1. Mind checking A:109-115 for the average number of partner chain beta-carbons within 10 Å of each residue's beta-carbon?
2. Taking the Cβ-Cβ separation of B:PHE198 and A:ASN148 as r and a Förster radius of 22 Å, what is the calculated FRET efficiency to the nearest 0.05?
3. Would you mind putting A:418-430, A:18-30 in packing order, based on average other-beta-carbon counts within 10 Å, highest first?
4. Of the options A:TRP242, A:ALA202, A:SER287, report the single residue whose Cα projects farthest towards the positive end of the charge dipole of the range A:194-291 (beta-carbon charges: Lys, Arg +1; Asp, Glu -1).
5. If you place +1 on the Cβ of every Lys and Arg and -1 on the Cβ of every Asp and Glu, how big does the dipole about the Cα centre of the protein assembly as shown come out, in debye to the nearest 20?
6. With charges only on Cβ, +1 for K and R and -1 for D and E, what is the dipole size of the range A:84-135 about its Cα centre, in debye, rounded to 20?
7. Label points 7 Å out from Cα along the Cβ direction at A:SER239 and A:ASP452: separation in nm?
8. Count, for each residue of B:137-143, the Cβ atoms from other chains sitting within 10 Å of its Cβ, then give me the mean as a whole number.
Amino acid sequence: MRDDGRFPVAPRRVVLRESWRSLGRRRWMFLPVVLVLTAAAAAGVTPPLVLGAMVDVIEEHSAGDADVGGLLLLGTVLLLAVLCGAVLSAVGTVATTQLFERMLAELRERMVQAVFRLPQARVERAGTGDVVARAGDDVAEVSDAIPNVVPALSGSLFTIVATLVGMTAIDPRYGVAMLVVVPVHVFAVRSYLRTAPGVYAAEREAMARRTRHLLDALHGIETLHAFRLGRRHVGLIGSASWAVVRLSMQARTIQNIFFARLNLAELLGIGAILVTGFVSVASGTGSLGGTTAAALLFLRLFGPINQLLFVVDDLQSALASLGRIIGVVTADTDPDATRTTGSATEPSESEGGLHLVDVHHSYETGHRVLSGIDLTVEAGRSAAVVGASGAGKSTLAGLAAGVHIPLAGRIVRPHRVMLVTQETHAFDGTLRDNLTLARPAATDAELTAALDRVHAGPLHDRIGLDGLLGAPGERLSPADIQRIALARVILADPELVILDEATAEAGSRDAGSLDGAASEVLRGRTCLIVAHRLSQARGADLIVVMESGRIAERGRHETLIEQGGLYAQLWQTWHRRFGQDG
Amino acid sequence: MSRRFLHVPDTPLDAGPIRLGPATTPARLTLSVMGAARRYTIPATALAVTHQIGEALVPVLVGVAIERAVSTGDPAQLVLWLALLAADFALLSFSWRFGSRFAELGRLVVQHRLRTLVAEHLVLRAPGGRRASNQPGVALSLATADVNRLSGAVEVSVFPVGQFAAVLFGGIVLLTLSWPLGLAVLVGAPLLLGATEFVGRGLQRASGDEQASAAAATGRAADLLAGYRVIRGIGDTAADEAVRRYRFSSRDALDRTLHARRADGVYSGAMSMATGLFVAGVSIAAAVLAVTGGLGVGEFITVVGLTQFLIEPLQYAARAAGSGWATAKASAARLLALIGESEGGDADGPSVAGRRTDADGRVLQARSFAATVSHLTPGALVVVSADHEIEDALVEALRVLHPDALFAPRAAHLFPGSVRDNVALPGTEESDIERALTAAGCDELIENLPRGLDTEVGTGGSALSGGQRQRIALARALAQHPPLIVLRDPLTAVDTVTEAAVATRIRGLRREQRTIVITRSPAFAAVADRIVGSPSEVDG
């Protein structure tokens, strides 16, 4: 996969905008949450102030006339502050966490939605592996960060502000002394943010590579076993995994330098408070209790400041992951997305027929796949495309179905189009789930009727509509999976059906029966069939013979045979060898 | 010295042994994960203890500084205690810097080892069977999220130990200042830790549920994306329906997560209330002691500062030990379930056993076919015309008779990389590759590709057509030059003319080796030495 096709990573600004947007109606929750967290922070700074007051009480009564009653009153305030602080911060933290969890759920759903709404060619170019990694790894990354980052942000931020307010309240000089730490923190954070994001991005990229290797192995597990390549792939996964380790350690080293600077700030801060206290007590303008309260407040702040700056880290990686998730969500507005749509005019809708006018296409510049294709299939008629592999048949089918948009030319097709390719997939879920994809509201009677029409009665009898398919369920033959796909055509009831060698991977044994099912499905619909057995082409209203991206011959079977051209030659070879098959 | 020890080389560092067998319990696995990083966790723990004691000394030094310098106004004392404070900061900063790196390296080395073990299990086990982990999304979640969480157990043996040491140190300092207060901290702290472990059990259940549900949502996304082209082919209705289904499982995951977070919130709220009340109680008692003359002002400040400092290590030690252990154990249980699943429900699992009478007949028929075709002379090409139903049984029977044969999978799966990367597997001779490409009909195919042999095939071969994929997969199998090859319907997506040409070329290529093709394709029947199966079933 080339890198340029990947989905973009959304910039910070877009991440913020989309995150806010995805909160939807719950945005009003922010205000009460902020109020609760402020109250919790206020309750949190109360204990050091109470303890400072206790020091003054102890100082005044050191002679021995103990004011135990006053102390017990202060003690009661202390206990109440602890109780309120714990309850309020728990409530505030849970509420904030839930807001963010809902936001994440909304975003991951929007991402999957975007993947299914974007032009298909765009997603194919990005690679579905990349999308799976974003839907898995990145969602997990954000989800894991939420319980760490959110309480830190909500709790610590408020505590820091409340502490600064409290300290200035004791004596504005302590507030001023605190300014000593600001330049150190600013320097530490800035140099950290200069080096860390690059390493985190590299780490994330390495994790995505590890996921891709793992998924490649899991998807191709049968091939790995057949060729005894399992060890080699485990090795690939292993070296991708070790690359992550190296980058993670690099990130940790950067982080530790950051923490060393924070320690320096702590030392400077506590020193400044002690010196300020020393000066104010010596000059008689401050009390020992005030110094104690300020020192206790500052000591209490180590935890929240570290916690906050600690999560700058998790926050960075969570934001990187969010950027990757939102990169998909917003990909449709990204100019890069339009690159696959080429310069051709948008196709308009027809009354049931399919018309291609002077269509040209190529996947890479300079390598033309189709040139000058003119093709009309009238409503209700059928056309078959034949030719050697690589002649451009599948590209033609993809263009007709709208999977690709041609570089040049015009395509008119009806509104409801369905494309069945030789690619088979049984979805995890019941047989019913697999069918209702095409018509969610279908009744069981309709489903059964559709299965019967594609000769899937035996399959139905064997597993039933509630039987499980896919990875956790019954393993079906490719022919059976394709029968289900054909039944979906009946359920979806499109005006135009395009079969791109849909019955090919069925295996030779089932070919006849599947072709029969296909013609049952196609009856009365406009259809374009990419045929790889000439028997499929024979009955079509129009046969198109492709050669190196061009239409070499066209006409009905008999006409083409009479012409004695390429088709006649193909037919002769085929008929001589396997005539009985048709 | 530590620099070299902490250096991360290009090649993976070794971890100690990790027990990962069918008889292992989750707790034991978690313990062995912790033990596997011993080489790193022992220095890390020693440094974490130093770090935490350095942190605990800060309030002690501040208390002394207030008493000896601020209250006396002696500048020499101020300078002395500030210098000691600076020395303490140097100690705690240094020990964190290296201790945390040791811990991280230990965690990462073990994580890497675990990931490799899980990947080996997932990749090297026999494919097939009905296992939840056959779903790539579920397997992925095990190999990433669960491995990460389990390896988090390594930190449980480092940081909580350091934090607990701080509590112990603080307790001893408090004991020397006032034995009733010291005793209260030393007895009260472990009681709190015990209570946390008790509360933490409910959290473990919630955490397990949450992970299972998140994995289900990830799996659903992976499955829908694996069938992406099928869904897009059906049209907008199916795309909307797929989105709706994903939304449904995502909402389910959300509900469970919210539930777990609420439990987490109640837990940590209760924790901070308990520890906060504990510290407040100690402070009030110290104040009462101070006014009744048992404690000096500076000592009171030290007691209060130290106890206040101790909240954090107390809370985090309990939490990290409790929930860190619980989360790791939940993931350990899931990984062990994977091992059990791989060893229990293998390929001949319930799907065959469920319909025994049918299956018996097929297995017998398959065995007789296998016996018939297995005495091949070199150079022979035999076509077996078998029902799909007995095909699997036939392949199994052949596998038993010819374990060394190459059984090319029915599905033509390509790996990301170029066409050449896919065909030129390690140990393949260049001349064999050339011949195989020609025999499989890839020569003109490669001419038509934009970059020839170096064309990237895309994820799962998505940049190629089905027929192209099949021929490249066939070339890959033929290039192995195996003495016996078993092909299953290798050319179904290839046009008839090309198919006939390729069948003839394969015949020519394998004049010295044995070839079995399971197919009903007339192209192979036309070049076969022998056709096994009832003649009426063979066309042509």
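The values are calculated or read from the model by the stated rules, or taken from the named source; none is laboratory data. From a predicted model like this one, the values you see are computed outputs, not experimental measurements. All Cβ positions, glycine included, derive from the backbone under ideal geometry; neighbour counts span all protein chains shown. For accessibility, only protein heavy atoms count, side chains too; no ligands or nucleic acids. Shrake-Rupley method; radii C 1.70, N 1.55, O 1.52, S 1.80 Å.
1. Taking all residues of A:109-115 together, the mean is 6.
2. 0.40
3. Ranking, from highest mean packing down: A:418-430, A:18-30.
4. Toward the positive end, the furthest listed residue is A:TRP242.
5. 840
6. 180
7. 5.9
8. So the per-residue partner count for this stretch is 5.
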